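Input: a single structure, listed below in structure tokens.
The values are calculated or read from the model by the stated rules, or taken from the named source; none is laboratory data. As the structure is a computational prediction, the values presented were derived from the model and not from experiment. FYI the Cβ positions are ideal-geometry reconstructions off the backbone, even for glycines, and counts take in every protein chain you see. Side chains are part of the model used for accessible areas, which takes the heavy atoms of the whole protein and leaves out ligands, DNA and RNA. Shrake-Rupley method; radii C 1.70, N 1.55, O 1.52, S 1.80 Å.
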Amino acid sequence: MDSLSYPQEKSILLVGASRGLGLAMAAEFVKAGWHVVGTVRGTTRTGLHDLADVNQTQITIEELDFTQPTQIAALRDKMSGRTHNMLFINGGTANYNQGETIAEVSTDEFMRVMLTNVLGVMRAVEGLQDLVSPDGLIGVMSSGQGSVSNNERGGHEVYRGSKAALNQYMRCYAARHANGRSLVLMAPGWIRTALGGPEATFTIEETIPQLVKTLITQQGIPGLRFIDRYGKTVSW
């Protein structure tokens, strides 16, 4: 479906919707009656394509690698004139050896994680913000591991640091855009995905319906909040 031809119901621009949490979010928003513009990297067929096959009027697929500023600009230009009720950036990675300390990680590996989890995400927020209505919501997938005050056991140092940095930069963004828009940093919990691993506490099926419900209910509440999937505040 062409990105400018879909109907005018509630819509979300969901960045990173090809698999895992993003794909599950896309499916849940469809169930809630929303139109989903989901982005994928590259041209390979993904789970989002399968979902679109059975929900053709509710899903539009766009290509975006948000670590590439030119692709962010191209998507913004392609979708100019269309306003969404929500923008949600679901993107994240971890260093391959999460047991290594910050002093042990290679420079290249550190930069890869920070580019994806922090710089790319914030560039996407800044670059796509004008596609969201003034009373809409901009959300970012953070993590409870990004909480500085709750970090009592350490571990996962590179990933933790990247999410803490993301939280800080979203606070900077909120300070620069104190216009009443709803801004959410979402801590979904430890979920069994490729990133979370098989030992994670929760399944996608247990978590994503509540997460999506919470995002929908957060619309219209001005300011930045760092919350879990139930809408409870997470300590900074």
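Data table
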| read-out | value |
| --- | --- |
| Criterion violated by Gly38 - all others in (1) on the phi > 0 side of the Ramachandran plot; (2) surrounded by 18 or more Cβ atoms within 10 Å (Cβ to Cβ); (3) modelled with pLDDT of 90 or more satisfied | (1) |
| Pro198 on the phi < 0 side of the Ramachandran plot, out of contact with any Leu (no Cβ under 7 Å at 6 or more places or on another chain) and either modelled with pLDDT of 90 or more or of a type in the set (A, V, I, L, M, F, W, C) (or both) | no |
| Residue satisfying condition, being open to solvent by less than 70 Å² (accessible area, probe 1.4 Å) and either of a type in the set (Gly, Ala, Ser) or assigned to a helix (DSSP H, G or I) (or both), within set Met114, Met86 | Met114 |
| Qualifying residue in the range 125-144 (condition: open to solvent by 10 Å² or more (accessible area, probe 1.4 Å), hydroxyl-bearing (Ser, Thr, Tyr), in a helix (DSSP H, G or I) and closer than 19 Å to Asp228 by Cα) | no |
| Only listed residue being more than 20 Å from Asn151 (Cα to Cα), open to solvent by less than 60 Å² (accessible area, probe 1.4 Å) and modelled with pLDDT of 85 or more, chosen from Ile208, Ile227 | Ile208 |
| Residue in the range 17-31 that is least open to solvent (accessible area, probe 1.4 Å), counting only those that are at pLDDT below 95 and assigned to a loop (DSSP other than H, G, I, E, B) | Ser18 |
| Per-region count, the range 91-109, residues hydrophobic (A, V, I, L, M, F, W, C) and buried (at least 17 other Cβ atoms within 10 Å of the Cβ) | 2 |
| Failed criterion for Arg123 (all others in (1) among the basic types (Lys, Arg); (2) farther than 20 Å from Pro188 by Cβ; (3) free of Cβ contacts under 8 Å to residues at least 40 places away in the same chain hold) | (3) |
| Residue within the range 147-160 that is at pLDDT 90 or above, of a type in the set (S, T, N, Q), crowded, with 21+ Cβ neighbours inside 10 Å and touching a helix residue (DSSP H, G or I) at 6+ places or on another chain (Cβ under 8 Å) present | no |
| From the options Thr116, Thr93, Thr83, residue that is out of contact with any Leu (no Cβ under 9 Å at 6 or more places or on another chain) and β-branched (Val, Ile, Thr) | Thr116 |
